[in-house]
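What follows draws every value from the coordinates through simple rules; no lab data is involved. Note that this is a predicted model, so its numbers are computed, not measured. Every residue, glycine as well, gets a Cβ built from its backbone with ideal geometry; the counts of neighbours run over all protein chains shown.
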Amino acid sequence: MKKVLVTGCLGQIGSELVMRLRKDNGMDSVIATDIRKVEGNPVVEEGIFEVLDVLDADKMLDLAKKYEVDTIVHLASLLSSVAEEKPQVAWHINMTGLVNALEVARELNLKFFTPSSIGCFGKGTPADNTPQDTIQRPSTMYGVTKVSGELLCDYYYTKYGVDTRGVRFPGLISYETLPGGGTTDYAVEIYYKAIEKGHYTSPIGKGTYMDMMYMPDAIDAIVKLMNADPEKLVHRNAFNISGMSFEPEEIKASIQKYMPDFDMDYDVSEKLQGIANSWPNSLDTTCAQEEWGFAPQYDLDAMTKDMLDKLGKKLG
Ligand code: AKB
């Protein structure tokens, strides 16, 4: 990963990955792209930035050639909740965008990363300690695009030899950029509301476990997997990874350790709860550990401490 084109880089993952890669490999090592340009954003202002709609295959190819990149990190995608509102649009953006990016990788012989998600699982999947290789029958359009994406990336590897790699991200928690339209977003919002109001109303019901991870561990995972020895990779698209699994009462209790007056009630969203119920409680990450040394650093309390500290400063 010496010169990387990143799509969707103003989103929750991209905005932090771009800054990390610029720091590690130099300012010109990243071609940050997004469908919109946000003036004043450091991703746009501090290094190379190009406007790119991932549905524009010709422009993607031109940019990859112009900057002579060796890797594509394809992040542009609609998340689970918003995808359920407009499933046809989600299919179009998530799949056509992915095919376009894979075609650029095939034509120019580039390394390739794109994330899958815990959303790739569904009915029939063992909910606890979900194995790496298991039943994948999601009931959401997001999940359908994620399973299809995993298969497509494996196909490009076996058919064309494109070095495709991916992880199944759990809910990602971060303080730099808000997630947009996911089912696990509550686990980010709760920290903002704890600081702003001392109170949170959870749209996810008591007892609903989902896998989660703090953003520094997610960024490390991408870098580590992309630098991993290909000989050691038995799996490719995509690895189970997770930093922790919790339900709303546990994140509340963790916040209360640092903010004893924080409280929470519930107004459960039928849509979000339905999606959450179809996802696993906790993933088995053994293959990621064994094949490329996945080793997250943050547990729930360590993450809570850091989130409250960083967000407290950010929100004044
Ligand atoms: C979502 O909730 O849609 C995402 C995910 C788990 O893929 N955060």
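Sorting the segments 105-111, 162-168, 217-223 by their mean number of nearby beta carbons within 10 angstrom, highest to lowest, gives 162-168, 217-223, 105-111. Residues in the stretch 126-137 carry Karplus couplings, in order, of x, 6, 9, 6, 3, x, 4, 10, 7, 5, 10, 10 Hz; the curve used is 6.51 cos²θ - 1.76 cosθ + 1.60 with θ = phi - 60°, and Gly or Pro positions show x. In order along the stretch 207-221, the Karplus-derived 3J(HN,Hα) couplings, from 6.51 cos²θ - 1.76 cosθ + 1.60 at θ = phi - 60°, round to x, 8, 7, 9, 6, 9, 7, 7, 4, x, 5, 5, 5, 4, 4 Hz, and Gly and Pro are given as x. Charges were assigned to the Cβ only: +1 to each Lys and Arg, -1 to each Asp and Glu. The resulting dipole of the stretch 30-74 about its Cα centre is roughly 60 debye. Cα centroids of the stretch 238-268 and the stretch 1-77: 32 Å apart. Helix 57-66 axis versus longest C-alpha principal axis of the chain: approximately 70°, rounded to the nearest ten.
Once both axes come from the Cα atoms, what is the angle between helix 97-108 and the longest principal axis of the chain, in degrees from 0 to 90, rounded to 10? Taking Cα atoms only, the helix is inclined about 40 degrees. Residues of the stretch 7-29 falling in the label zone of D70, defined by backbone nitrogen less than 14 Å from a point 7 Å along Cα to beta-carbon, are 25-26, 29.
The amide H of Y266, built 1.01 Å from its N in the peptide plane, has S202 as neighbours under 5 Å, considering only residues 5 or more places off or on other chains. Each label was represented as a point 7 Å from its Cα along the Cα-to-Cβ direction; for T158 and N109 these points are 2.4 nm apart.
Taking 0.36 nm per intervening residue step and subtracting the Cα-Cα distance, what contour gain separates A253 from K271 on full extension?
4.0 nm
DSSP assigns beta bridges within the chain; of those with both partners inside it, close to 10 percent run antiparallel. Taken about its Cα centre, the stretch 116-247 carries a charge dipole of about 320 debye when Lys and Arg each add +1 at the Cβ and Asp and Glu each add -1 at the Cβ.
Amide H to amide H, with H built 1.01 Å from N, T71 comes under 5 Å of K3, L5, K111, counting only residues 5 or more places away or on other chains. Checking the Cα-Cα distances for K197/K257; K65/K159; K252/K305; K123/K206; K65/K111 against a 19 Å cut-off, the pairs over it are K65/K159; K123/K206.
In the chain, taking the dipole from charged Cβ atoms about the Cα centre, the farthest positive-side position among Y160, S174, T145 is held by Y160. Computed from Cα atoms, the angle from the helix 248-258 axis to the main principal axis of the chain rounds to 80 degrees.
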